[in-house]
């Protein structure tokens, strides 16, 4: 694909408002990072923390568009807003805001010629979320076309003549039935399906691309703009989109009529990112090993005309999270590997992945622009990467670099105030499980750690269980890791069996044994820290969300003798009632349990924290969002009422409007302080908690 340079005017505008840096001088980013760390980190710092996401390299790879999440001031309760910013990939100019203030803008997408940037926004007067577009020369953003329902995602066609977009729009017959009161739901088959359209940019007219009735989840254009690859499911429910989606191709030439989706290949289980090869002859995608695999972390390739997909990384002890094509014979892969992330080249012809960048930040997202040799069989080492990355000392920022240098350089500093905050030293720790399995996790030492002193321990298990604790920035309102370090705790974030980052075999090693060996993995890690002389075994607390909350529920009941306090958030406490009320009955039973609780209710109940509350003596803080559909609030109510009835020290906190987590600033501040105070009282034995 040809690349055109961005107009010099934009660089002139950026230069006029930023510090110019000569190649021989220290960059403005490095200068900022050199600030002395003298101040204590606070809960307010964490709640007001800004984060980068959705990086998009311009076609000439000189500019990086990205989204900046900006929390509202605490005096203005609510959720964060999203802004679009630009930074040059060389990192020599400070970023500049691209979208106007006052309303959120997100999903930046460059036009193929690099002259315009489109994004999603809902402005005053808009009935729906629209695609806005703005010339990089400046001016006012205008809708690219008139959408009649809110747009969820969009992509320019490579030839610049069309934009494909998805929208959850009810069909006319469905709307008429609803208006007539015929709105009942049979067998949980509810929800408005997402449909796929394309707009002809020369006329502004849209046409529906998919005439069959699948629910569209994701899509991407073929290089010649003639087809789309589509991921879709038969139903719009969360379970079906997670577990039963399939891959298709679709005719999408300009002016073509809608068509039915054409099956591309047979798959089983979860599916992830997908990308066309440069010549359009193949599609690469991330998928599961089978229906019971908890992650879509294996690289597959399939002919774009259809056929059997070949797994390229099935035996690799890593979990893929993003991919693209480096050239016609090589897939570029971002993967979680242990407690790090790696960027590798995967040869389509076969062989082990070749590490390209295996040091630097923890990368969560990538954008890639191939170099001039991308269409050849000698892969493009002159390609450019942009990354959303973090480290143990800062949250997510923009990084960029050329593959030829094998390194990524930070180009933004979105939280300058954090540069002066004192942090606990973070490191990776290894230990062995009871059965000899090698395990690892992340440990943060207390600020001003003194060797030889034993500290209280805060165990913060990740969710999933197919989540993973990485050796990057670990602190947010729901997991205030560095705040615990600031209060004198050792913080332990274990990757127990069932976690991502070590391939399929490790991810499914907890099947039919939830709350069993995976939990004793964590106990063995605690024992290891005690043996190292860092931790006081008599002052241990555990707190986590979702599956991490389930672990905390077990800590407060089954293993109550080992834990002084627990924070149990959005947690499964009764596997039987959870399975009967959650939106992920199939996903949970297939890839977590590999067992339907209905088939073995004795085991499901025995592994439920609620079944063991009579032996609890652990002070339990129970937290839930009132709008949570992933783990319904009844799970927390059941545990709270049982513990309260038995006279166990407990407190229940429900946050209105919150789903499976916390997004409002004032709620986040209350939770972080409440969590910390609870452990100070019941782990350390200090003071008393407030209401």
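Assorted remarks:
- Considering only alpha-carbon pairs that sit under 8 angstrom and 6 or more positions apart, the relative contact order computed for segment 430-684 is 19 percent.
- Once the Cβ-Cβ distance of residue 355 and residue 308 is raised to the sixth power relative to R0 = 22 Å, the FRET efficiency obtained is 0.20.
- Each of residue 44 and residue 627 was given a label point 7 Å from its Cα along the Cα-to-Cβ line. The distance between the two points is 2.7 nm.
- Of all DSSP beta bridges in segment 362-516, antiparallel share, percent nearest 5: 90 percent
- Taking a ≥ b ≥ c as the square roots of the eigenvalues of the Cα gyration tensor, segment 111-180 is classed as oblate, since a/c reaches at least 1.5 and a/b does not exceed b/c.
- Computed over the chain, the per-residue total of -39500 (n - 2.57) for DSSP H runs of n ≥ 4 gives a 222 nm mean residue ellipticity of -4500 deg cm²/dmol, rounded to 500.
- Rounded to 5, the percent of DSSP beta bridges in the chain classed as antiparallel: 80 percent
- The chain: relative contact order as a whole-number percent, Cα under 8 Å and 6+ apart: 10 percent
- Label assignment, Rg and Dmax of the Cα atoms in Å derived from the structure, set [x] 25.4, 74; [y] 25.1, 82; [z] 29.3, 99: [x]
- DSSP beta bridges in segment 430-684 [antiparallel fraction, %, rounded to 5]: 25 percent
- For segment 562-644, the square roots a ≥ b ≥ c of the C-alpha gyration tensor eigenvalues yield an a/c of 1.5 or more together with a/b not exceeding b/c, which makes the shape oblate.
- Sorting 227, 410, 213 by the number of Cβ atoms found within 10 Å of their own Cβ, with the fewest placed first, yields 213, 227, 410.
- Given R0 = 51 Å, the distance between the Cβ atoms of residue 149 and residue 646 translates into a calculated FRET efficiency of 0.50.
- Distance between segment 224-254 and segment 436-488 - C-alpha centres, whole angstrom: 40 Å
- Label point distance in nm, residue 203-residue 527, each placed 7 Å from Cα along Cα→Cβ: 7.2 nm
- For segment 268-317, the square roots of the Cα gyration tensor eigenvalues, ordered a ≥ b ≥ c, give a/c of at least 1.5 with a/b greater than b/c, which places it in the prolate category.
- Each part gets one Cα centre, and for segment 537-613 versus segment 87-103 those centres are 44 Å apart.
- Label-point separation, residue 614 to residue 260 (7 Å along Cα→Cβ), nm: 5.9 nm
- Full extension of the segment from residue 405 to residue 505, taken as 0.36 nm per residue of separation minus the current Cα-Cα distance, would add 32.6 nm.
Read-outs throughout are calculated quantities, based only on the coordinates presented, and are distinct from any laboratory measurement. Since we're looking at a predicted model, the values are computed, not measured. Every residue, glycine among them, receives a Cβ derived from its backbone with ideal geometry; neighbour counts consider all protein chains shown.
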